[in-house]
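The structure under discussion appears below in the form of structure tokens.
Nothing in this text is a laboratory measurement; each read-out follows from the coordinates by a stated rule. Predicted model only: the values in this text are computed from it and were never measured. Here the Cβ is made from the backbone with ideal geometry for all residues, glycine too, and neighbour counts use every protein chain on show.
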Amino acid sequence: MSTDETFVLSTGSALPGDPIDNTALAKRFGVNAQWVELFVGTRTRHFAVDLGTAEQTHTLADLAAAAGAQAMSRAGLEPTDLDFIVLATATPDTLMPATVNVVADRLGVDQVATYQLQSGCAGAIQALDVGRKLLDDDHRTGLVIGGDVCAKHLVLDRDTTGQPPSELINYVLFGDGAGAVVLSADAEGATMRLDTVLNRFTGLGRDPAQVIHWWGETGPTPGVQAVTEDYKAIEERVPGMAVEVLHELLDRCGWGKGELSFLLPPQLSGRMTQRIVKDLAVDSATEVSVVADTGNNGNALPFLQLDALAPQIRAGQRAAAVAIESSKWLKGGFTLEGL
């Protein structure tokens, strides 16, 4: 039987290499650094590839295991203390074996249930939802991880001159990283209580606004972009969806906006986050955002926000997080209370 309450024992994060600023991107890809700052609003990001050699420096398993190990260390846990691991990602290292099992091996974890969820940034919310539902009388503690390595899909030696914005944006918007939380059915040692999780598909009849193709040995389909973004649809729909999620989360908890101490808004980009925060209009809450410094690293973002929140939240303080995925339109979010 599932437990009635879910507690957060600890958080962890991992970012590859040194931060890469807009000047470095401008030099490497021929983009305008000021355009990146003004249009995207991202100052730095971390890549799991070397910009100079195009060699991959970190795998998703590297980053996920590092974030998971940090979370376990902070909670004082040994590998045998875990009852399950859940990993959310849009960019697994391989189709088989599932990256979550490589991570388990790296962490020294064995004889437990493992789950891997394939999704964009809303996958982090899905992973939290699965993790809390796995907690029961026999499964008391679990590790939930979100991470992505997007840079490995970029062609670093490509001439970007004349590229359409829908392709060029991918070279400046995304970053790589991983984050983790330890969930428990027991309150002892917990820093936060996870109160409500909202996880919902809302894309019936809607065209996807983000598509990432994955070709096998047959190679790319002629004339088809590997990664496409419909930014007009994202700009039109995401802010309104974020407002809907926040209102539903508050209604479920019976909280008013004025009772929130912290707000973890969607992290598509620094500029979009600013717009959404304005629309959410939670003046009493401290914003917890990381995307302007980490880039959009997908499933890592909500966990990186949690990692940034953990040292700040105090007993009795309340926080709400919102995540929107535009690939096929997913709403996600959760609420927390400090202990």
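Observations
- Value at 222 nm in deg cm²/dmol, rounded to 500, when DSSP H runs of n ≥ 4 in the chain each add -39,500 (n - 2.57): -9000 deg cm²/dmol
- Dipole size of the chain about its Cα centre, with +1 on Lys/Arg Cβ and -1 on Asp/Glu Cβ: approximately 800 debye, rounded to the nearest 20.
- Full-stretch length increase - GLN111, LYS133 - with 0.36 nm per residue and alpha-carbon distance subtracted: 6.0 nm
- Contour excess over end-to-end distance, with Cα ends at ALA24 and VAL243 and 0.36 nm allotted per residue: 75.3 nm
- When you filter the trypsin sites (Lys or Arg not before Pro) in segment 237-268 for DSSP loop state and at most 13 other Cβ atoms inside 10 Å of their Cβ, nothing is left.
- Computed from Cα positions, the angle between helix 231-253 and the longest principal axis of the chain comes to roughly 0 degrees.
- Between ASP110, ASP137, ASP50, the residue with the greatest mean-square fluctuation in the GNM of the chain (Cα pairs under 10 Å linked by springs) is ASP137.
- Counting DSSP beta bridges with both ends in segment 6-184, the antiparallel % (nearest 5): 60
- If you run the Gaussian network model on the chain, springs between alpha carbon atoms under 10 Å, then out of PHE47, PHE262, PHE29 the most flexible one is PHE29.
- A crude spin-label estimate for the pair ASN101 and THR228, with each label 7 Å from Cα along the Cβ direction, gives 3.4 nm.
- 10 Å Cβ shell holding at most 13 others, DSSP loop, GluC sites (Glu not before Pro): longest site-free stretch of the chain: 56-187
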